[in-house]
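Beneath this line is the structure, given in structure tokens, with notes to follow.
The values are calculated or read from the model by the stated rules, or taken from the named source; none is laboratory data. This one's a predicted model, so the numbers in the text were calculated from it and none came from an experiment. Note: ideal-geometry Cβ built from the backbone for every residue, glycine included; neighbour counts use all protein chains shown. These area figures cover heavy atoms from the full protein model, side chains too; ligands, DNA and RNA do not enter into them. Shrake-Rupley method; radii C 1.70, N 1.55, O 1.52, S 1.80 Å.
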Amino acid sequence: MTKTRLSSDTAVDAEKLGSLQQDIKISDEHIENPLLIPDYRPGTDEERRLVWKIDLCLLPIIFVMYFLSYMDRINVGNAKVAGMEEYLNLSSGQYSIVLVIMIVFYVSAEIPLNMILSRSKPYIFMPIIMILWGCVTAAMTRIETYHQLLGCRVVVGMCEAGFAPGVLLMFSSWYKRSEQSMRFGIYISAPVISGAFGGLLSGAIMSGLDGAHGIAGWRWLFLIEGVLTVGVAALSAFILLGFPANSRYLSERERALAVTRLQYDSIVNNKPNEAQMTHWEAFKFAATNWRVWLMTLGYFIITGTSSMSYFYPTLVQSLGYTGTKIQYMTVPIYAVAFVFNLATSFIGDRKLRPYRGYINMFWLIILTICAVVVTACYNTKVRYTFLVFMTAAVWSSTAATLAYGSSTYAYMDREARAVALAIQNGVGTAATIYGAFLFPASDKPKYTMGFSVISALSFLGIFVFLALQILLPSEAWRYTGQFSRYNRLKGMFPGLGLGTGLFIAYCAFEQLVGFGDSHH
């Protein structure tokens, strides 16, 4: 029987692609059930033009939205060293609670908001939640007490909860798996640039606007960032796309091509009027999937290490820098991370897509070594240098893990995939709850506890991603029937799962010597 080679390296019957037009139809108020493209071939000029159009509608505006989202999230750290801590008389423990309270409500709202998004229009849902958190950020200009600050952070956390997992769902619904790593790298570059720009902005505010019109510099920080957020949110409503089958700004042919190419890559996208999982079915399917939880564990470890980003101004201050130089010295930390993140994402799509687990292992090894050096060393210049490379490792592995998870969940129903991505992002983000307590003021200037925990977590993460690199390819081979080796081994060793064990061991051997064939 003739076989067609898919980008995921899974062989399917050639006639199955033709039968897709019988099963899936695209329809909305402007389209009368056009069929999928039966003679689709990947990599054509028409497809490249479509991907370019999708990029133009999604990447620039989402980059700016996430840029502002991250600034709104971490501005409390810059405001702290700019005078807010003294004005509100915040203790170290109270500041940690300010960080944690946002994370708790952020995590708790992620799954329900992403389930809502999967059945709504992104160009309506995303701007609404962004306008809400922008208004609250601007309102933080008026806070006078610790408890008012807590209340504002709660609302911001709940509103921002729908954004990051929503972007993950949109990317996984528009791009092939071979296209996702670079897009996630660009997406993750937004908070990296945001961190650098936040430092520059804070420095400029402290030296230029502090006291202007009787308003303290840290209050100007909240006001400026909140107003910018609301403005960009309103603009995004006119730019963002929906989902492929019923998206505006695409012609009938482009919608058909968008859906067909994802079907060809074995990515599930629900169509209008198509039967879908119920909310409970989608939640249960994702929540009981071992792939989701193993990937989430890896992301939890990486995100836990990234919690030090809230303390960059504090950590830089502990190295002996003062005044506006604290803000400016955070810029190189993010700049180096930006370069390495994009390079890793490019290589992840073009050269090493089957080995995303190894990419994460590499960066976690770097992170472990840097954390150990920062913990043991007393030279401030050496500590600063290794802190820079720690940050590069954290952000590079973050983007790689998001692309890894998105491609792993591609076979799921869209709402189930939304839940899986929300679990990964939500539980991963929950790691910053303990991260908020890793760098107490009592531990300065070395902050031994924080860097010791980071080195231990990153060391554990190495083995988590080794397990993913081995298990995910072997599961794919087992269920697609692409290789008969599994069935032969299972027949030779019935019962007790010995066939499966030998098969996974064989896959591990293939991976280690470099000729394993993985599609993740």
Problem - Candidate set from segment 251-288 (those that are among the aliphatic types (A, V, I, L, M) and open to solvent by 10 Å² or more (accessible area, probe 1.4 Å)); member that is modelled with the highest pLDDT - result: Ala287
Fill in the blank from the handout: Those residues of segment 395-422 which are among the hydrophobic types (A, V, I, L, M, F, W, C), touching a Phe, Trp or Tyr at 6+ places or on another chain (Cβ under 8 Å) and buried (at least 24 other Cβ atoms within 10 Å of the Cβ) amount to Trp395, Ala399, Ala400, Leu402, Ala403, Ala416, Val419, Ala420, Leu421
Completion exercise
Scanning segment 215-249 for residues that are out of contact with any Cys (no Cβ under 9 Å at 6 or more places or on another chain) and part of a loop (DSSP other than H, G, I, E, B), the one nearest to Lys121 (Cα to Cα) turns out to be Gly242
Exercise for the section: Select from segment 371-394 the residues that are open to solvent by less than 10 Å² (accessible area, probe 1.4 Å) and over 22 Å from Pro191 (Cα atoms) and list them in ascending order. Expected result: Val374
Handout entry: Residue count, segment 48-66 (criterion: among the hydrophobic types (A, V, I, L, M, F, W, C) and open to solvent by less than 30 Å² (accessible area, probe 1.4 Å))
Key = 9
Problem - Residue tally, condition open to solvent by 40 Å² or more (accessible area, probe 1.4 Å) and either touching a residue at least 60 places away in the same chain (Cβ under 8 Å) or within 21 Å of the chain's Cα centre (by Cα) (or both), over segment 436-452 - result: 7
Handout entry: Every pair of residues 6+ apart whose Cβ atoms lie under 8 Å, when the first sits in segment 67-85 and is over 16 Å from Leu223 (Cβ atoms) while the second is open to solvent by less than 10 Å² (accessible area, probe 1.4 Å) and outside any helix (DSSP H, G or I)
Key = Ser69/Phe163
Exercise for the section: Being in a helix (DSSP H, G or I) and open to solvent by 70 Å² or more (accessible area, probe 1.4 Å) is the filter here, so list the residues in segment 345-363 that pass it. Expected result: Phe346, Ile347, Arg350, Phe362
Problem - Number of positions in segment 453-478 that are modelled with pLDDT under 85 and open to solvent by 40 Å² or more (accessible area, probe 1.4 Å) - result: 1
Practice task
With the condition kept exactly as written, say whether any residue in segment 110-126 is open to solvent by less than 20 Å² (accessible area, probe 1.4 Å) and without any contact (Cβ under 8 Å) to a residue 60 or more places away in the chain.
Solution key: no
Problem - Residue match in segment 423-432 (condition: modelled with pLDDT of 85 or more and more than 14 Å from the chain's Cα centre (by Cα)) - result: no
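Here is a yes/no grid of residues against (1) farther than 30 Å from Thr408 by Cβ; (2) charged (D, E, K, R); (3) in contact (Cβ under 8 Å) with a residue 12 or more places away in the chain; (4) in contact with a Phe, Trp or Tyr (Cβ under 7 Å, 6 or more places away or on another chain):
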residue	(1), (2), (3), (4)
Arg153	yes, yes, yes, no
Val156	yes, no, yes, yes
Arg183	no, yes, yes, yes
Leu201	yes, no, yes, no
Glu225	yes, yes, yes, no
Val230	yes, no, yes, no
Leu235	yes, no, yes, no
Handout entry: helices (runs of 4 or more DSSP H) enclosed by segment 75-171 - at least 3 residues per element that are small (Gly, Ala, Ser) and at pLDDT below 90
Key = 92-118
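To keep it simple, each residue is scored yes or no on (1) closer than 17 Å to Met182 by Cα; (2) out of contact with any Pro (no Cβ under 8 Å at 6 or more places or on another chain); (3) touching a residue at least 24 places away in the same chain (Cβ under 8 Å); (4) assigned to a helix (DSSP H, G or I).
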position: Gly298; (1), (2), (3), (4): no, yes, yes, yes
position: Phe311; (1), (2), (3), (4): no, yes, yes, yes
position: Thr314; (1), (2), (3), (4): no, yes, yes, yes
position: Ile365; (1), (2), (3), (4): no, yes, yes, yes
position: Cys370; (1), (2), (3), (4): no, yes, no, yes
position: Gly405; (1), (2), (3), (4): yes, yes, yes, yes
position: Met412; (1), (2), (3), (4): no, yes, yes, no
Problem - Residues of segment 94-148 classified as closer than 30 Å to Leu241 by Cα and out of contact with any helix residue (DSSP H, G or I) (no Cβ under 9 Å at 6 or more places or on another chain), total - result: 2
Exercise for the section: All but one of (1) of a type in the set (Val, Ile, Thr); (2) open to solvent by less than 10 Å² (accessible area, probe 1.4 Å); (3) within 17 Å of Val453 (Cα to Cα) hold for Thr368, so report the exception by its number. Expected result: (2)
